[in-house]
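Structure, as structure tokens:
The values are calculated or read from the model by the stated rules, or taken from the named source; none is laboratory data. Remember, it's a predicted structure, so these values are computed and weren't measured experimentally. Heads up, the Cβs are rebuilt from the backbone with ideal geometry, glycines too, and the neighbour counts pull from every protein chain shown.
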Amino acid sequence: MSALVVTSINAEGYTKTKAEVIASHCSGNDIICMQETHLGLKSNRPMLPGMKLVAEIRHPKHGSAVFVNPLLDVRDIYTNSSDTNIETVTVCLPEISITSLYKPPASP
């Protein structure tokens, strides 16, 4: 297995325009971990051109999503949004696991 290229980005709100810019800048990436998608339960699922959405945690003010190269062999996916407001998304490949951890700011 060659080296994985992984990017983590705080999107401060997912939009189609941002998705196109991210996809353009990260075209050689294997995994993109996105935090602060700001997508509630009624929102459309996020998409990144050339990538496959494998996991997401929806929240109108927070939210996380993980996209992978469609050629990757994803074995398992784990998501958790705890009572302490911490979001974790783990993607398991044959020889490595990647976890995106996001702690939203405290609410006033």
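Quick check: anything in the stretch 25-46 of a type in the set (S, T, Y), modelled with pLDDT under 90 and either farther than 30 Å from A106 by Cα or within 13 Å of the chain's Cα centre (by Cα) (or both)?
So far as the stretch 25-46 goes, yes, one or more of its residues are of a type in the set (S, T, Y), modelled with pLDDT under 90 and either farther than 30 Å from A106 by Cα or within 13 Å of the chain's Cα centre (by Cα) (or both).
To keep it simple, each residue is scored yes or no on (1) under 23 Å from P94 (Cβ atoms); (2) in a loop (DSSP other than H, G, I, E, B); (3) not basic (K, R).
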position	(1), (2), (3)
G13	no, yes, yes
E20	no, no, yes
R45	no, yes, no
P49	no, yes, yes
V54	yes, no, yes
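Give me the pairs, please: first residue somewhere in the stretch 50-72 and under 14 Å from L39 (Cα atoms) and touching a residue at least 60 places away in the same chain (Cβ under 8 Å), second residue anywhere and surrounded by fewer than 22 Cβ atoms within 10 Å (Cβ to Cβ) and among the acidic types (D, E), beta-carbon distance under 9 Å, and either six or more positions apart or on two chains.
none
Within the stretch 79-108, how many residues turn out to be more than 20 Å from V5 (Cα to Cα) and of a type outside the set (S, T, N, Q)?
Of the residues in the stretch 79-108, 8 are more than 20 Å from V5 (Cα to Cα) and of a type outside the set (S, T, N, Q).
Checking F67 against (1) touching a Pro at 6+ places or on another chain (Cβ under 9 Å); (2) within 14 Å of L4 (Cβ to Cβ); (3) assigned to a loop (DSSP other than H, G, I, E, B): exactly one of these is not met. Which one?
All conditions pass for F67, except number (3).
In the set T37, T79, which member is part of a loop (DSSP other than H, G, I, E, B), touching a residue at least 12 places away in the same chain (Cβ under 8 Å) and polar (S, T, N, Q)?
T37
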